[in-house]
1. When only C-alpha pairs under 8 Å and at least 6 residues apart count, what is the relative contact order of chain B, in percent?
2. Could you tell me the total accessible area buried at the B-A interface, probe 1.4 Å, in square angstrom to the nearest hundred?
3. Against the longest alpha carbon principal axis of chain A, how many degrees, from 0 to 90 and to the nearest 10, is the axis of helix A:101-112 turned?
4. If you count only protein heavy atoms and use a 1.4 Å probe, how large is the accessible surface of A:Arg204, to the nearest 10 Å²?
5. Given the rule -39500 (n - 2.57) for each run of at least 4 DSSP H residues, summed and divided by the residues of the protein assembly as shown, what is its mean residue ellipticity at 222 nm, to the nearest 500 deg cm²/dmol?
6. How high is the relative contact order of chain A, in percent, with contacts defined as C-alpha pairs under 8 Å that are six or more residues apart?
7. With springs only between Cα atoms under 10 Å, which of A:Arg157, A:Arg149, A:Arg24 fluctuates most in a Gaussian network model of chain A?
8. With θ taken as phi - 60° and the coefficients 6.51, -1.76 and 1.60, list the Karplus ³J(HN,Hα) couplings across the range A:12-20 in order, rounded to whole Hz; mark glycine and proline as x.
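The values are calculated or read from the model by the stated rules, or taken from the named source; none is laboratory data. Keep in mind it's a predicted model, so treat the numbers as computed, not measured. Cβ placement follows ideal geometry from the backbone for every residue including glycine, while neighbour counts extend to all protein chains displayed. All accessible areas refer to the heavy atoms of the entire protein, side chains included, with ligands and DNA or RNA removed. Shrake-Rupley method; radii C 1.70, N 1.55, O 1.52, S 1.80 Å.
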Amino acid sequence: MPATLKTLFYNLGYFAKEVKTSIRLSFVTSLVSAVSIGLILFILATVISGWWISRHFIDMISQEAEISIFWEEDLSDNQVTQLAEQIEQLEGIKKVRRVSAEEAYDKMAGMLGPEADILKLFELNPFTPYLEINLDLDKTEPVVDTLNRLPGIAYVRDNQEILNRLHSLSQLLGVMGYLGLAAVALTTLIIISHIIKLSIYARRSQIQTLELLGASKGFIAFPFLLEGCLIAFMGGLLATALIVPSVKLVHLHLWDLLPFLPLPPSEELTLKLAGLLWVLSVLLGLIGSIIGLSSTR
Amino acid sequence: MIEAKGIQLKYPDGTMALNDLSFTVGKGELVYLLGPSGSGKTSLLKLLLGLEFPTAGELRVLGQAITKRETNSIRILRRKIGPVSQEFNLIKGRNALENVMLGLRILGIPPGLMEAEAKKALARVGLEHKYYSPVENLSWGERQRVAIARAVARQPKLILADEPTGNLDKDNALQVLNLLASFVNEDTTVIITTHATHLMRGIPGYRCMELNQGIMIRDEKGCRPH
Ligand SMILES: Nc1ncnc2c1ncn2[C@@H]1O[C@H](COP(=O)(O)OP(=O)(O)OP(=O)(O)O)[C@@H](O)[C@H]1O
Ligand SMILES: [Mg+2]
(Lines give C-alpha, C1' and ligand atoms only; values in the text may rest on other atoms or scores of the structure.)
(Ligands and ions follow the chains in the order given, each with its own letter.)
Protein backbone atom coordinates (compact mmCIF):
# COMPACT_ATOMS: atom_id res chain seq x y z
CA MET A 1 0.00 0.00 0.00
CA PRO A 2 2.25 2.83 -1.16
CA ALA A 3 -0.44 5.50 -0.53
CA THR A 4 -0.71 4.40 3.10
CA LEU A 5 3.08 4.39 3.45
CA LYS A 6 3.24 7.87 1.98
CA THR A 7 0.64 9.07 4.47
CA LEU A 8 2.62 7.52 7.34
CA PHE A 9 5.86 9.04 6.07
CA TYR A 10 4.45 12.56 5.64
CA ASN A 11 3.12 12.45 9.18
CA LEU A 12 6.11 11.07 11.08
CA GLY A 13 6.51 14.35 12.95
CA TYR A 14 2.86 14.28 13.94
CA PHE A 15 3.12 10.70 15.18
CA ALA A 16 6.21 11.52 17.24
CA LYS A 17 4.35 14.42 18.80
CA GLU A 18 1.35 12.22 19.53
CA VAL A 19 3.56 9.69 21.31
CA LYS A 20 5.22 12.46 23.30
CA THR A 21 1.86 13.84 24.38
CA SER A 22 0.55 10.43 25.28
CA ILE A 23 3.57 9.54 27.39
CA ARG A 24 3.53 12.95 29.04
CA LEU A 25 -0.14 12.59 29.92
CA SER A 26 0.51 9.33 31.75
CA PHE A 27 4.13 9.93 32.62
CA VAL A 28 4.23 8.05 35.92
CA THR A 29 2.46 5.00 34.49
CA SER A 30 4.78 4.95 31.48
CA LEU A 31 7.83 5.30 33.69
CA VAL A 32 6.76 2.57 36.11
CA SER A 33 5.97 0.30 33.16
CA ALA A 34 9.34 0.89 31.52
CA VAL A 35 11.17 0.28 34.81
CA SER A 36 9.24 -2.93 35.57
CA ILE A 37 9.89 -4.23 32.07
CA GLY A 38 13.54 -3.28 32.48
CA LEU A 39 13.84 -5.20 35.74
CA ILE A 40 12.20 -8.39 34.49
CA LEU A 41 14.26 -8.23 31.30
CA PHE A 42 17.34 -7.88 33.49
CA ILE A 43 16.41 -11.03 35.43
CA LEU A 44 15.84 -12.85 32.15
CA ALA A 45 19.20 -11.63 30.90
CA THR A 46 20.88 -13.08 34.00
CA VAL A 47 19.39 -16.52 33.44
CA ILE A 48 20.23 -16.39 29.76
CA SER A 49 23.84 -15.41 30.41
CA GLY A 50 24.08 -18.35 32.83
CA TRP A 51 22.76 -20.59 30.12
CA TRP A 52 25.11 -19.21 27.47
CA ILE A 53 28.10 -19.53 29.79
CA SER A 54 27.27 -23.15 30.64
CA ARG A 55 26.83 -23.93 26.96
CA HIS A 56 30.19 -22.36 26.37
CA PHE A 57 31.69 -24.61 29.09
CA ILE A 58 30.23 -27.66 27.46
CA ASP A 59 31.53 -26.64 24.09
CA MET A 60 34.97 -26.10 25.51
CA ILE A 61 34.97 -29.24 27.62
CA SER A 62 33.55 -31.49 24.97
CA GLN A 63 36.21 -30.17 22.64
CA GLU A 64 38.80 -31.03 25.24
CA ALA A 65 36.84 -34.05 26.32
CA GLU A 66 38.52 -37.18 25.33
CA ILE A 67 38.12 -40.85 25.55
CA SER A 68 41.43 -42.53 26.14
CA ILE A 69 41.98 -45.96 24.67
CA PHE A 70 44.73 -48.25 25.85
CA TRP A 71 45.58 -51.11 23.55
CA GLU A 72 46.72 -54.66 24.25
CA GLU A 73 50.46 -54.73 24.76
CA ASP A 74 51.10 -57.31 22.03
CA LEU A 75 49.78 -55.06 19.21
CA SER A 76 52.34 -54.06 16.64
CA ASP A 77 52.82 -50.46 15.60
CA ASN A 78 51.03 -51.17 12.34
CA GLN A 79 48.09 -52.74 14.10
CA VAL A 80 47.72 -49.69 16.33
CA THR A 81 47.63 -47.44 13.27
CA GLN A 82 44.98 -49.70 11.76
CA LEU A 83 42.99 -49.59 14.97
CA ALA A 84 43.15 -45.79 14.98
CA GLU A 85 41.89 -45.68 11.40
CA GLN A 86 39.10 -48.07 12.23
CA ILE A 87 37.99 -45.92 15.15
CA GLU A 88 38.11 -42.79 13.02
CA GLN A 89 35.39 -44.30 10.80
CA LEU A 90 32.91 -44.64 13.68
CA GLU A 91 29.95 -42.31 13.84
CA GLY A 92 30.35 -39.29 16.12
CA ILE A 93 34.15 -39.36 16.18
CA LYS A 94 35.77 -35.98 15.61
CA LYS A 95 39.44 -36.75 15.93
CA VAL A 96 41.74 -39.60 16.83
CA ARG A 97 45.30 -38.90 17.93
CA ARG A 98 48.07 -41.13 19.08
CA VAL A 99 49.72 -39.99 22.27
CA SER A 100 53.15 -41.34 23.02
CA ALA A 101 54.32 -42.28 26.47
CA GLU A 102 56.62 -39.24 26.56
CA GLU A 103 53.80 -36.91 25.67
CA ALA A 104 51.63 -38.44 28.37
CA TYR A 105 54.41 -37.81 30.85
CA ASP A 106 54.78 -34.17 29.77
CA LYS A 107 51.03 -33.68 29.96
CA MET A 108 50.85 -34.91 33.49
CA ALA A 109 53.87 -32.79 34.40
CA GLY A 110 52.05 -29.77 32.97
CA MET A 111 48.92 -30.55 34.97
CA LEU A 112 50.81 -30.98 38.21
CA GLY A 113 52.75 -27.79 37.69
CA PRO A 114 55.01 -27.06 40.65
CA GLU A 115 54.37 -30.55 42.04
CA ALA A 116 55.76 -32.20 38.91
CA ASP A 117 58.82 -33.21 40.91
CA ILE A 118 56.87 -36.22 42.17
CA LEU A 119 57.26 -37.73 38.70
CA LYS A 120 61.01 -37.75 39.16
CA LEU A 121 60.56 -40.48 41.75
CA PHE A 122 59.90 -42.90 38.92
CA GLU A 123 62.96 -44.35 37.33
CA LEU A 124 61.16 -45.27 34.13
CA ASN A 125 58.32 -43.43 32.47
CA PRO A 126 55.23 -44.86 34.22
CA PHE A 127 52.89 -43.85 31.39
CA THR A 128 51.80 -45.94 28.48
CA PRO A 129 50.96 -44.61 25.06
CA TYR A 130 47.25 -44.34 24.17
CA LEU A 131 44.78 -43.05 21.60
CA GLU A 132 43.12 -39.76 22.40
CA ILE A 133 39.66 -39.49 20.88
CA ASN A 134 37.45 -36.43 20.56
CA LEU A 135 33.81 -37.10 19.87
CA ASP A 136 30.32 -35.65 19.93
CA LEU A 137 29.09 -35.39 23.48
CA ASP A 138 25.76 -37.13 22.87
CA LYS A 139 27.43 -40.00 20.97
CA THR A 140 29.66 -40.98 23.88
CA GLU A 141 27.57 -43.91 25.04
CA PRO A 142 27.24 -45.83 21.75
CA VAL A 143 30.86 -45.12 20.87
CA VAL A 144 32.11 -46.44 24.19
CA ASP A 145 29.92 -49.52 23.69
CA THR A 146 31.39 -50.16 20.26
CA LEU A 147 34.95 -49.55 21.40
CA ASN A 148 34.57 -52.02 24.24
CA ARG A 149 33.68 -54.70 21.69
CA LEU A 150 36.59 -53.97 19.31
CA PRO A 151 39.47 -56.49 19.41
CA GLY A 152 42.87 -55.27 20.52
CA ILE A 153 41.53 -52.80 23.06
CA ALA A 154 42.54 -53.35 26.66
CA TYR A 155 40.80 -50.47 28.38
CA VAL A 156 38.52 -47.54 27.57
CA ARG A 157 38.55 -44.56 29.87
CA ASP A 158 35.85 -41.96 29.35
CA ASN A 159 34.67 -38.86 31.21
CA GLN A 160 31.05 -39.44 30.34
CA GLU A 161 29.94 -38.96 33.91
CA ILE A 162 31.18 -35.40 34.18
CA LEU A 163 30.00 -34.49 30.71
CA ASN A 164 26.56 -35.90 31.39
CA ARG A 165 26.32 -33.79 34.51
CA LEU A 166 27.31 -30.65 32.66
CA HIS A 167 24.89 -31.54 29.95
CA SER A 168 21.95 -31.81 32.30
CA LEU A 169 22.99 -28.58 34.05
CA SER A 170 22.95 -26.76 30.76
CA GLN A 171 19.65 -28.36 29.86
CA LEU A 172 18.20 -27.16 33.14
CA LEU A 173 19.48 -23.65 32.52
CA GLY A 174 18.07 -23.84 29.01
CA VAL A 175 14.65 -24.84 30.29
CA MET A 176 14.85 -22.05 32.86
CA GLY A 177 15.81 -19.68 30.09
CA TYR A 178 12.79 -20.65 28.03
CA LEU A 179 10.45 -20.53 31.03
CA GLY A 180 11.92 -17.15 31.97
CA LEU A 181 11.44 -15.96 28.42
CA ALA A 182 7.83 -17.09 28.45
CA ALA A 183 7.21 -15.41 31.81
CA VAL A 184 8.90 -12.19 30.72
CA ALA A 185 7.05 -12.17 27.42
CA LEU A 186 3.73 -12.68 29.15
CA THR A 187 4.37 -9.99 31.76
CA THR A 188 5.61 -7.49 29.21
CA LEU A 189 2.67 -8.14 26.93
CA ILE A 190 0.25 -7.62 29.81
CA ILE A 191 1.94 -4.39 30.89
CA ILE A 192 2.19 -2.95 27.39
CA SER A 193 -1.28 -3.95 26.26
CA HIS A 194 -2.67 -2.47 29.45
CA ILE A 195 -0.89 0.85 29.09
CA ILE A 196 -1.96 1.04 25.45
CA LYS A 197 -5.54 0.40 26.47
CA LEU A 198 -5.26 3.28 28.95
CA SER A 199 -3.80 5.53 26.26
CA ILE A 200 -6.59 4.65 23.86
CA TYR A 201 -9.12 5.41 26.55
CA ALA A 202 -7.46 8.73 27.37
CA ARG A 203 -7.65 9.77 23.74
CA ARG A 204 -10.92 8.20 22.68
CA SER A 205 -12.42 11.51 21.56
CA GLN A 206 -9.44 12.15 19.33
CA ILE A 207 -9.82 8.68 17.84
CA GLN A 208 -13.47 9.44 17.21
CA THR A 209 -12.48 12.60 15.36
CA LEU A 210 -9.98 10.69 13.26
CA GLU A 211 -12.65 8.10 12.42
CA LEU A 212 -15.00 10.90 11.47
CA LEU A 213 -12.39 12.37 9.15
CA GLY A 214 -11.84 9.03 7.43
CA ALA A 215 -8.45 8.05 8.87
CA SER A 216 -7.35 4.53 8.10
CA LYS A 217 -7.03 2.01 10.90
CA GLY A 218 -3.26 2.06 10.44
CA PHE A 219 -3.12 5.83 10.79
CA ILE A 220 -5.09 5.67 14.02
CA ALA A 221 -3.12 2.72 15.39
CA PHE A 222 0.39 3.87 14.46
CA PRO A 223 1.07 6.25 17.38
CA PHE A 224 -0.07 3.58 19.83
CA LEU A 225 2.25 1.01 18.26
CA LEU A 226 5.09 3.51 18.52
CA GLU A 227 4.24 4.23 22.13
CA GLY A 228 4.22 0.54 23.08
CA CYS A 229 7.51 -0.10 21.31
CA LEU A 230 9.10 2.95 22.88
CA ILE A 231 8.12 2.08 26.45
CA ALA A 232 9.24 -1.52 26.05
CA PHE A 233 12.48 -0.39 24.41
CA MET A 234 13.14 1.92 27.36
CA GLY A 235 12.83 -1.19 29.51
CA GLY A 236 15.26 -2.98 27.18
CA LEU A 237 17.75 -0.12 27.52
CA LEU A 238 17.45 -0.17 31.31
CA ALA A 239 18.00 -3.93 31.38
CA THR A 240 21.08 -3.50 29.18
CA ALA A 241 22.41 -0.76 31.43
CA LEU A 242 22.07 -3.16 34.37
CA ILE A 243 23.32 -6.37 32.79
CA VAL A 244 26.47 -5.03 31.11
CA PRO A 245 28.25 -3.96 34.33
CA SER A 246 26.91 -7.06 36.12
CA VAL A 247 28.44 -9.39 33.55
CA LYS A 248 31.75 -7.51 33.76
CA LEU A 249 31.72 -7.72 37.56
CA VAL A 250 30.87 -11.42 37.71
CA HIS A 251 33.49 -12.09 35.08
CA LEU A 252 36.21 -10.40 37.08
CA HIS A 253 35.22 -12.23 40.25
CA LEU A 254 35.09 -15.61 38.56
CA TRP A 255 38.46 -15.01 36.98
CA ASP A 256 39.87 -14.19 40.38
CA LEU A 257 38.36 -17.29 41.96
CA LEU A 258 38.73 -19.84 39.21
CA PRO A 259 41.35 -18.60 36.76
CA PHE A 260 41.29 -21.76 34.64
CA LEU A 261 37.53 -21.54 33.84
CA PRO A 262 37.01 -21.20 30.11
CA LEU A 263 34.72 -18.13 30.29
CA PRO A 264 33.54 -16.59 27.06
CA PRO A 265 34.94 -13.08 26.46
CA SER A 266 32.67 -10.60 28.26
CA GLU A 267 32.45 -8.21 25.27
CA GLU A 268 30.97 -10.92 23.10
CA LEU A 269 28.53 -11.92 25.82
CA THR A 270 27.33 -8.37 26.53
CA LEU A 271 27.01 -7.57 22.84
CA LYS A 272 24.84 -10.63 22.30
CA LEU A 273 22.79 -9.82 25.40
CA ALA A 274 22.22 -6.21 24.34
CA GLY A 275 21.15 -7.30 20.87
CA LEU A 276 18.77 -9.85 22.33
CA LEU A 277 17.30 -7.40 24.85
CA TRP A 278 16.74 -4.65 22.27
CA VAL A 279 15.14 -6.86 19.65
CA LEU A 280 13.09 -8.68 22.26
CA SER A 281 11.83 -5.50 23.92
CA VAL A 282 10.80 -3.82 20.67
CA LEU A 283 9.13 -7.00 19.48
CA LEU A 284 7.23 -7.46 22.74
CA GLY A 285 6.27 -3.77 22.68
CA LEU A 286 4.88 -4.16 19.20
CA ILE A 287 2.91 -7.31 19.96
CA GLY A 288 1.72 -5.87 23.28
CA SER A 289 0.36 -2.75 21.62
CA ILE A 290 -1.32 -4.81 18.91
CA ILE A 291 -3.02 -6.81 21.66
CA GLY A 292 -3.99 -3.59 23.44
CA LEU A 293 -5.38 -2.14 20.23
CA SER A 294 -7.33 -5.18 19.15
CA SER A 295 -8.83 -5.77 22.59
CA THR A 296 -10.35 -2.28 22.66
CA ARG A 297 -12.10 -2.57 19.33
CA MET B 1 -24.61 12.95 -4.85
CA ILE B 2 -26.98 11.57 -2.21
CA GLU B 3 -29.69 9.04 -3.00
CA ALA B 4 -31.97 7.76 -0.28
CA LYS B 5 -34.65 5.20 -1.01
CA GLY B 6 -37.01 4.40 1.83
CA ILE B 7 -34.30 4.56 4.49
CA GLN B 8 -35.10 3.76 8.06
CA LEU B 9 -32.93 4.00 11.16
CA LYS B 10 -34.02 2.09 14.18
CA TYR B 11 -31.56 2.22 17.10
CA PRO B 12 -30.90 -1.02 18.99
CA ASP B 13 -33.06 0.22 21.87
CA GLY B 14 -36.04 0.39 19.53
CA THR B 15 -36.09 4.14 18.94
CA MET B 16 -37.25 4.81 15.39
CA ALA B 17 -35.07 7.84 14.58
CA LEU B 18 -35.78 7.94 10.84
CA ASN B 19 -38.65 6.36 9.00
CA ASP B 20 -39.05 5.75 5.28
CA LEU B 21 -37.13 8.74 3.93
CA SER B 22 -36.69 9.06 0.19
CA PHE B 23 -34.90 11.99 -1.41
CA THR B 24 -32.01 12.92 -3.61
CA VAL B 25 -29.59 15.79 -3.18
CA GLY B 26 -27.63 16.94 -6.20
CA LYS B 27 -24.25 18.56 -6.74
CA GLY B 28 -23.93 22.15 -5.59
CA GLU B 29 -27.06 22.27 -3.48
CA LEU B 30 -27.41 24.09 -0.18
CA VAL B 31 -29.77 22.21 2.10
CA TYR B 32 -31.11 23.29 5.47
CA LEU B 33 -32.18 20.34 7.56
CA LEU B 34 -34.77 21.55 10.03
CA GLY B 35 -36.94 20.07 12.72
CA PRO B 36 -37.48 20.09 16.46
CA SER B 37 -35.12 18.48 18.90
CA GLY B 38 -35.17 14.72 18.61
CA SER B 39 -36.63 14.76 15.11
CA GLY B 40 -33.68 12.83 13.66
CA LYS B 41 -31.43 15.48 12.07
CA THR B 42 -28.19 14.27 13.65
CA SER B 43 -29.21 10.68 12.96
CA LEU B 44 -29.54 11.47 9.25
CA LEU B 45 -26.09 13.08 9.15
CA LYS B 46 -24.66 10.04 10.93
CA LEU B 47 -26.08 7.87 8.20
CA LEU B 48 -24.52 10.08 5.53
CA LEU B 49 -21.14 9.69 7.25
CA GLY B 50 -21.53 5.96 7.63
CA LEU B 51 -21.40 6.26 11.43
CA GLU B 52 -24.74 4.44 11.50
CA PHE B 53 -26.28 2.20 8.88
CA PRO B 54 -29.85 2.21 7.54
CA THR B 55 -31.88 -0.60 9.08
CA ALA B 56 -34.01 -0.65 5.95
CA GLY B 57 -33.90 0.97 2.53
CA GLU B 58 -30.97 2.00 0.41
CA LEU B 59 -28.57 4.91 0.81
CA ARG B 60 -25.77 6.00 -1.49
CA VAL B 61 -23.47 8.94 -0.80
CA LEU B 62 -21.16 10.07 -3.61
CA GLY B 63 -21.87 6.73 -5.23
CA GLN B 64 -20.83 4.79 -2.12
CA ALA B 65 -23.40 2.43 -0.64
CA ILE B 66 -23.78 2.91 3.11
CA THR B 67 -23.88 -0.62 4.46
CA LYS B 68 -22.06 -2.44 7.21
CA ARG B 69 -20.14 -4.53 4.70
CA GLU B 70 -18.55 -1.45 3.12
CA THR B 71 -16.82 -0.01 6.20
CA ASN B 72 -13.43 0.21 4.52
CA SER B 73 -14.73 2.06 1.46
CA ILE B 74 -16.75 4.26 3.78
CA ARG B 75 -13.50 5.39 5.44
CA ILE B 76 -12.37 6.55 2.04
CA LEU B 77 -15.74 8.19 1.38
CA ARG B 78 -15.33 10.18 4.59
CA ARG B 79 -12.17 11.76 3.22
CA LYS B 80 -14.36 13.51 0.64
CA ILE B 81 -16.70 14.82 3.31
CA GLY B 82 -16.11 17.83 5.53
CA PRO B 83 -17.87 17.23 8.84
CA VAL B 84 -18.63 20.09 11.23
CA SER B 85 -20.24 18.56 14.25
CA GLN B 86 -22.20 19.79 17.20
CA GLU B 87 -19.29 19.20 19.58
CA PHE B 88 -16.64 20.55 17.14
CA ASN B 89 -14.42 17.53 17.80
CA LEU B 90 -11.33 19.68 18.04
CA ILE B 91 -8.20 18.25 19.68
CA LYS B 92 -7.49 20.02 22.94
CA GLY B 93 -3.92 21.06 23.63
CA ARG B 94 -3.25 21.61 19.93
CA ASN B 95 -3.41 24.95 18.19
CA ALA B 96 -5.85 25.97 15.46
CA LEU B 97 -3.40 25.23 12.67
CA GLU B 98 -2.65 21.73 13.91
CA ASN B 99 -6.35 21.01 14.25
CA VAL B 100 -7.02 22.04 10.67
CA MET B 101 -4.00 20.08 9.47
CA LEU B 102 -5.33 16.94 11.11
CA GLY B 103 -8.06 16.77 8.47
CA LEU B 104 -5.40 16.97 5.76
CA ARG B 105 -2.93 14.47 7.24
CA ILE B 106 -5.20 11.60 6.38
CA LEU B 107 -5.15 12.52 2.69
CA GLY B 108 -1.45 11.73 2.21
CA ILE B 109 -0.26 15.11 0.96
CA PRO B 110 3.23 16.47 1.68
CA PRO B 111 3.72 18.44 4.92
CA GLY B 112 4.51 21.77 3.25
CA LEU B 113 1.36 21.72 1.13
CA MET B 114 -0.61 20.55 4.15
CA GLU B 115 0.40 23.61 6.15
CA ALA B 116 -0.23 26.02 3.27
CA GLU B 117 -3.73 24.61 2.68
CA ALA B 118 -4.54 24.73 6.39
CA LYS B 119 -3.44 28.36 6.67
CA LYS B 120 -5.50 29.25 3.59
CA ALA B 121 -8.58 27.66 5.11
CA LEU B 122 -8.08 29.43 8.44
CA ALA B 123 -7.64 32.73 6.63
CA ARG B 124 -10.85 32.07 4.73
CA VAL B 125 -12.80 31.80 8.01
CA GLY B 126 -11.10 34.95 9.30
CA LEU B 127 -8.68 33.36 11.76
CA GLU B 128 -5.33 34.23 10.18
CA HIS B 129 -4.29 35.84 13.47
CA LYS B 130 -5.06 32.68 15.51
CA TYR B 131 -2.96 30.01 13.77
CA TYR B 132 -0.95 29.24 16.86
CA SER B 133 -3.57 29.68 19.57
CA PRO B 134 -4.49 26.51 21.44
CA VAL B 135 -8.13 25.78 20.66
CA GLU B 136 -9.15 25.94 24.31
CA ASN B 137 -8.15 29.61 24.34
CA LEU B 138 -10.54 30.40 21.48
CA SER B 139 -14.10 31.67 21.83
CA TRP B 140 -16.99 29.41 20.86
CA GLY B 141 -17.47 31.26 17.60
CA GLU B 142 -13.78 30.94 16.78
CA ARG B 143 -13.78 27.25 17.63
CA GLN B 144 -16.72 26.73 15.34
CA ARG B 145 -14.81 28.48 12.59
CA VAL B 146 -11.74 26.29 13.19
CA ALA B 147 -14.00 23.27 12.77
CA ILE B 148 -15.32 24.75 9.54
CA ALA B 149 -11.78 25.45 8.33
CA ARG B 150 -10.84 21.85 9.07
CA ALA B 151 -13.81 20.65 7.05
CA VAL B 152 -13.27 22.89 4.03
CA ALA B 153 -9.47 22.69 3.89
CA ARG B 154 -9.92 19.23 2.44
CA GLN B 155 -11.93 20.63 -0.49
CA PRO B 156 -14.72 18.22 0.25
CA LYS B 157 -17.49 17.31 -2.13
CA LEU B 158 -19.94 17.37 0.75
CA ILE B 159 -19.98 19.54 3.84
CA LEU B 160 -22.13 18.28 6.70
CA ALA B 161 -22.64 20.80 9.48
CA ASP B 162 -24.60 19.68 12.52
CA GLU B 163 -26.00 22.60 14.51
CA PRO B 164 -23.11 24.91 13.66
CA THR B 165 -24.90 27.82 15.30
CA GLY B 166 -25.60 25.97 18.52
CA ASN B 167 -23.49 27.89 21.04
CA LEU B 168 -23.35 31.17 19.18
CA ASP B 169 -25.05 34.52 19.61
CA LYS B 170 -27.11 35.94 16.78
CA ASP B 171 -24.30 37.82 15.03
CA ASN B 172 -21.87 34.93 15.17
CA ALA B 173 -24.54 32.45 14.12
CA LEU B 174 -25.42 34.52 11.10
CA GLN B 175 -21.76 34.88 10.21
CA VAL B 176 -21.22 31.11 10.43
CA LEU B 177 -24.29 30.30 8.33
CA ASN B 178 -23.20 32.79 5.69
CA LEU B 179 -19.71 31.36 5.73
CA LEU B 180 -20.97 27.81 5.22
CA ALA B 181 -23.32 28.95 2.45
CA SER B 182 -20.35 30.58 0.72
CA PHE B 183 -18.70 27.19 0.20
CA VAL B 184 -21.46 25.98 -2.06
CA ASN B 185 -20.31 25.70 -5.65
CA GLU B 186 -20.95 23.44 -8.62
CA ASP B 187 -18.76 20.80 -7.01
CA THR B 188 -19.60 21.16 -3.34
CA THR B 189 -22.87 20.41 -1.61
CA VAL B 190 -23.54 21.79 1.85
CA ILE B 191 -26.06 20.39 4.33
CA ILE B 192 -26.69 22.31 7.53
CA THR B 193 -28.92 21.30 10.41
CA THR B 194 -30.16 24.18 12.48
CA HIS B 195 -32.83 25.33 14.91
CA ALA B 196 -32.14 28.91 13.99
CA THR B 197 -34.88 29.24 11.41
CA HIS B 198 -35.32 32.88 12.36
CA LEU B 199 -31.83 33.58 11.01
CA MET B 200 -32.37 31.97 7.68
CA ARG B 201 -34.09 35.00 6.26
CA GLY B 202 -30.72 36.72 6.19
CA ILE B 203 -29.05 34.11 4.04
CA PRO B 204 -29.75 32.87 0.55
CA GLY B 205 -32.02 29.85 1.09
CA TYR B 206 -31.95 27.12 -1.46
CA ARG B 207 -33.67 24.03 -0.13
CA CYS B 208 -35.31 23.16 3.15
CA MET B 209 -35.95 19.68 4.44
CA GLU B 210 -37.84 19.43 7.67
CA LEU B 211 -38.08 16.35 9.84
CA ASN B 212 -40.54 15.55 12.54
CA GLN B 213 -40.26 12.35 14.53
CA GLY B 214 -38.14 10.83 11.82
CA ILE B 215 -40.52 11.65 8.99
CA MET B 216 -39.92 14.21 6.25
CA ILE B 217 -42.69 16.77 6.54
CA ARG B 218 -41.30 19.37 4.18
CA ASP B 219 -38.90 19.41 1.25
CA GLU B 220 -39.00 22.55 -0.86
CA LYS B 221 -36.97 25.18 -2.60
CA GLY B 222 -36.78 28.37 -0.57
CA CYS B 223 -36.94 28.46 3.17
CA ARG B 224 -39.82 30.57 4.27
CA PRO B 225 -40.65 29.90 7.89
CA HIS B 226 -44.29 28.73 8.15
N1 LIG C 1 -27.40 6.13 19.81
C2 LIG C 1 -28.72 6.24 20.03
N3 LIG C 1 -29.39 5.21 20.59
C4 LIG C 1 -30.72 5.30 20.80
N5 LIG C 1 -31.46 6.34 20.47
C6 LIG C 1 -30.86 7.40 19.90
C7 LIG C 1 -29.46 7.40 19.66
N8 LIG C 1 -29.12 8.59 19.10
C9 LIG C 1 -30.26 9.27 18.99
N10 LIG C 1 -31.31 8.59 19.47
C11 LIG C 1 -32.71 9.00 19.48
O12 LIG C 1 -33.10 9.20 18.13
C13 LIG C 1 -33.97 10.32 18.03
C14 LIG C 1 -33.37 11.33 17.05
O15 LIG C 1 -32.20 11.86 17.60
P16 LIG C 1 -31.27 12.90 16.87
O17 LIG C 1 -30.07 13.10 17.66
O18 LIG C 1 -31.13 12.47 15.47
O19 LIG C 1 -32.19 14.21 16.93
P20 LIG C 1 -31.87 15.67 16.44
O21 LIG C 1 -32.91 16.02 15.45
O22 LIG C 1 -30.46 15.78 16.01
O23 LIG C 1 -32.07 16.49 17.76
P24 LIG C 1 -31.34 17.84 18.26
O25 LIG C 1 -31.94 18.95 17.46
O26 LIG C 1 -31.69 17.95 19.69
O27 LIG C 1 -29.90 17.66 18.00
C28 LIG C 1 -34.10 10.87 19.44
O29 LIG C 1 -35.29 10.34 19.98
C30 LIG C 1 -32.91 10.32 20.18
O31 LIG C 1 -33.21 10.13 21.53
MG1 LIG D 1 -28.79 16.83 16.68
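1. 27 percent
2. Interface area, both chains combined: 2000 Å², rounded to the nearest 100.
3. So the helix axis and the longest Cα principal axis differ by about 50 degrees.
4. We get 130 Å² for A:Arg204.
5. After summing the helix terms and dividing by residue count, I get -18500 deg cm²/dmol.
6. 30 percent
7. Its mean-square fluctuation being the largest, the pick is A:Arg149.
8. Working through the residues one at a time gives 4, x, 4, 4, 4, 5, 4, 4, 4 Hz.
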